[in-house]
1. Angle, helix 186-205 long axis vs. longest principal axis of the chain, Cα atoms, 0 to 90°, nearest 10?
2. When ranked by the protection proxy of mean other Cβ atoms within 10 Å per residue, highest first, what sequence do the peptides 337-343, 160-166, 4-10 form?
3. Tell me which residues come under 5 Å, amide H to amide H, from Gly97 once H is placed; ignore anything under 5 positions away on its chain.
4. For segment 307-379 and segment 16-41, what is the separation of their Cα centres, given in Å?
5. Starting with the fewest neighbours, write out Asp242, Asp347, Asp91 ranked by other beta-carbon atoms found within 10 Å of each beta-carbon.
6. Cα axis of helix 99-114 to longest principal axis of the chain: angle in degrees, 0 to 90, nearest 10?
7. What is segment 184-379's relative contact order, in percent, from Cα pairs under 8 angstrom and six or more apart in sequence?
8. Take every DSSP beta bridge with both residues inside the chain and express the antiparallel ones as a percent of the total, to the nearest 5.
Amino acid sequence: MTTSFRNHFPRLVEFGRGKVASLFALCSERGWNRPFVVTDRGVERAGLLNALGEEKELSKKWSGLFMEVPPEPPLETVDELATQIMNAQADAVVGLGGGSVMDAVKVASVCAQRRVPARSIVGIGKVNSRGLPTVLVPTTAGTGSEATFVAILTDKLSGNKVGVVDPCLLPDIAIVDPSLTDCLPYHVTASTGMDALVHAIEAYIARVATPVARGLALEAASRIGRGLERACAAGSDKAARDEMAIGSYLAGMAFANSSCCAVHALALPLGGRYAIPHGAITGCFVGEMMRHNLNVCREDFADLSAALGWGRNDIASFPDRLDRLADSIGLPSQLKQVEVLEDVIGDMARDAVANRRLMDPNPVPVDHAAAANIYRAVLRR
């Protein structure tokens, strides 16, 4: 029985098609007259910067532009970004992109304000004070980073992904504009969309879930259930894109007020070592992990299955349905782009089990042997 809980949310959320056009007006209303814009080359090539306004006028509206955020950004990139933000004398930071861009912005805004390296705030609760104001604008429907106080970066020294986790990272404004996802490539739609579903599932079953988080998770699952396969089948389906955009955002709020669990603990060591899309990893591993959790989570799986439109019966097949969904949108082909050697599996299992932030909320404990077996079951399938 829940006796007390705490929830965290962004200060302002703007949702709707065309909302991104109001970005600079929203900044101006708050007295932020020197916003620094951060994006990546993929967003630039897709022409999404033009959604912010007339090209010839844009440079007059921002204090600087950084477009060199790579996938799974390393700590060094965040430090470089923070330096540019400081040099531009920016008074706010805008992140236009997927999870990598938004995570980089969250941490760089603190590093620029506090003049500290990113490595110094890696961990849980080490930020302690807000950085420069942030506006996060997702261009994918999957990470939910615009709704969370978690940032995942790459530590080149260890080869692992590391987290910066602190409520001070919550954005001041989140602008969720589904039109920015209309031209997403199929493989990105599939992997980010499945990751959003995993966020909802893990937020719902986590031992630390709050009632608010569970409600958000079910609504997210419902939206994603209506939108994911449709968005993959027909990228021009705007109604499906809308469902995925709101579903991803709700799932982000859900796990921000609950937790991700063992699926993500397993995903981080694998993604840190191999260039595999994060959502392809979580989407391929969720079925096997839910088999591990099945005996403890039958009622929760019934709720999630119903939300997804699969009905409440035959709950034992819930993990199989997740596997079939991942298969139907092509995620295993993304996972199999690399060969994972047997001797690496033991190391990854060790790193995954050591991530207590994600392992402790999992409904069923996962030891080293179980983690290694799950890696084998999925990677050798």
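1. 70
2. On the way: 337-343: 10.7, 160-166: 20.9, 4-10: 13.0.
Result, highest mean Cβ count within 10 Å first: 160-166, 4-10, 337-343.
3. Val137, Thr139
4. 38
5. Working: Asp242 23, Asp347 13, Asp91 17.
In increasing order of surrounding Cβ atoms, one gets Asp347, Asp91, Asp242.
6. It works out to around 50 degrees.
7. Details: 316 pairs, mean separation 53.6, N = 196.
For segment 184-379, the relative contact order is 27 percent.
8. Details: 6 of 27 bridges.
The antiparallel fraction comes to roughly 20 percent.
Each value in this text was obtained by applying a stated rule to the coordinates, not by laboratory testing. Note that this is a predicted model, so its numbers are computed, not measured. All Cβ positions, glycine included, derive from the backbone under ideal geometry; neighbour counts span all protein chains shown.
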